[in-house]
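What follows is a set of notes on a single structure, which appears directly below.
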Amino acid sequence: MNTPFDDEPKPPRRPGRFAGLRASFLTGLVVIAPVGMTVWLVWTLVGWVDGVVLPLVPYDLRPEKYIGINLRGVGVIFFFVFTILVGWIAKGLIGKSMIGFAERLVDRMPVVRSIYSGVKQIAETVFAQSERSFEKACLVQYPRKGIWAIGFISTTAKGEVARRAETSGALMSIFVPTTPNPTSGFLLFFPREDVIELDMSIEDAAKLVISAGLVYPGSKDKPEQADG
């Protein structure tokens, strides 16, 4: 039996108005931050390209001479058109001859040839869309059995590597990336039977590596309920 002096049960405290405002602010920040950063980066990059390209364009060809306004992005358009023109010429016989002559000339310059060869290799690796790209994502046991790592199938090993490796079957070239920077990693050679190909795309596997396992392909889908 309760006495008049017994404390009555207090209702649960409702979250204050400040807590609701704080939650709304954080939600809005999550939405705005990626959009704002993307817009800022694109705007800054376009301005940087304009600052480099426009001084090389004759003033008579700039739109600001005719409309009186310096439009941001005009330098990007000039760079885009110029790059297409250079690529079209480079694919022709005359262009290939000119590039070959220029590269032979650069090979005679000790410091310049090192810089040129490094930049050329990076450009070919990043922009080439030929057979240099990875084929599929895979799972391999690395650095020891029982520990699994995401890898990218490059090619089937060839040449001296395939001949000297002590394996009875085919050998696969696997690139195992590091987290959170997938551009660095290790080139490893695995027997074909030790490589498990995945259905996920290269892009999804890269997101998985970059996010340190936080972003899985299909993670937006409703998770399956456990049995029982």
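The values are calculated or read from the model by the stated rules, or taken from the named source; none is laboratory data. The shown structure was predicted, so the numbers you read here are calculated from the model rather than taken from an experiment. Heads up, the Cβs are rebuilt from the backbone with ideal geometry, glycines too, and the neighbour counts pull from every protein chain shown. These area figures cover heavy atoms from the full protein model, side chains too; ligands, DNA and RNA do not enter into them. Shrake-Rupley method; radii C 1.70, N 1.55, O 1.52, S 1.80 Å.
Six or more apart or on different chains, Cβ under 9 Å: which pairs go from a residue in the range 180-206 that's touching a residue at least 40 places away in the same chain (Cβ under 8 Å) and of a type outside the set (Asp, Glu) to one that's open to solvent by less than 90 Å² (accessible area, probe 1.4 Å) and part of a helix (DSSP H, G or I)? Could you list them?
Hits for this filter: LEU198/ASP204; LEU198/ALA205; MET200/LEU208.
Under 19 Å from VAL209 (Cα atoms), outside any helix (DSSP H, G or I) and touching a residue at least 60 places away in the same chain (Cβ under 8 Å): does that describe PHE152?
Judged against the criteria, PHE152 is not a match.
Do you know which residues across the range 24-42 are of a type in the set (Ser, Thr, Tyr) and under 28 Å from ARG72 (Cα atoms)? Don't jump to the end; show me each part of the working.
Applying the first criterion (of a type in the set (Ser, Thr, Tyr)) to the range 24-42 yields 24, 27, 38.
Across the range 24-42, the qualifying residue is only THR38.
Go over the candidates THR183, THR178 one by one and state the one that is at pLDDT 85 or above, within 25 Å of the chain's Cα centre (by Cα) and exposed (fewer than 13 other Cβ atoms within 10 Å of the Cβ).
THR178
Determine if the range 149-172 includes at least one residue that is open to solvent by 70 Å² or more (accessible area, probe 1.4 Å), modelled with pLDDT of 85 or more and in contact with a strand residue (DSSP E or B) (Cβ under 8 Å, 6 or more places away or on another chain).
no
From the list ILE77, ILE67, ILE94, ILE99, which one is surrounded by 12 or more Cβ atoms within 10 Å (Cβ to Cβ), farther than 23 Å from LEU45 by Cβ and not charged (D, E, K, R)?
Checking each option against the conditions leaves just ILE99.
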